[in-house]
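All remarks here apply to the structure that follows.
The values are calculated or read from the model by the stated rules, or taken from the named source; none is laboratory data. A quick note: this is a predicted structure, and the numbers were derived from the prediction, not measured. Cβ coordinates were reconstructed from backbone atoms using ideal geometry, including for glycine residues, and neighbour counts include every protein chain displayed.
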Amino acid sequence: MMTEHDIYKRSIKNIMNRDVVTVGAGDTIHEALTAMGENRVSTLPVVDSKNHCIGILSTADLIDMTRDVDDDIYQLDLVDPSSRRFLMDKLMHSMGSESVQSFMSETVATVTPETSIAEATRKMVRNQVHHLPVVDDQGVLVGILSTMDVLAEFADSAPR
């Protein structure tokens, strides 16, 4: 008979998502945003040519990016309307053509498929993240774990 604490000992291999949408470091922010929108995801692991996880790009990173351009937008208020439109178009184009590498988080907390749900949850809390890339022994990306995956497992395991 399973106890209520057995869920904490289970590995994440059965609850992680194996169908992961990724981007490369050289991809543009526009490409990353398109991938996020088309796949309805808020986080993209950044992988190299061998599918090693080298970073992560989240909507939080993109929000930080918009804060960086606040000063530029403020400066737009100081010019005439036609110049403003020209500068705004230029700013939007340049932001979208920036590389993922310029905005991704390079320090990435990862887990393996054998990591327990308890340890993965602790790692999410300690690192204040909602997604953990799942890598094999060679660091190759094999999945991603989200807080929703963990919550769903707890909900499914709750007594009815």
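Take the conditions (1) crowded, with 18+ Cβ neighbours inside 10 Å; (2) modelled with pLDDT of 90 or more; MET36 misses just one of them, which is (2). Restricting attention to the range 26-46, the residues that are over 17 Å from ASP149 (Cα atoms) and touching a Leu at 6+ places or on another chain (Cβ under 8 Å) total 6. Number of residues in the range 2-49 that are touching a strand residue (DSSP E or B) at 6+ places or on another chain (Cβ under 9 Å), charged (D, E, K, R) and in a helix (DSSP H, G or I) equals 3. Inside the range 97-117, residues that are assigned to a helix (DSSP H, G or I) and surrounded by 15 or more Cβ atoms within 10 Å (Cβ to Cβ) make up a count of 3.
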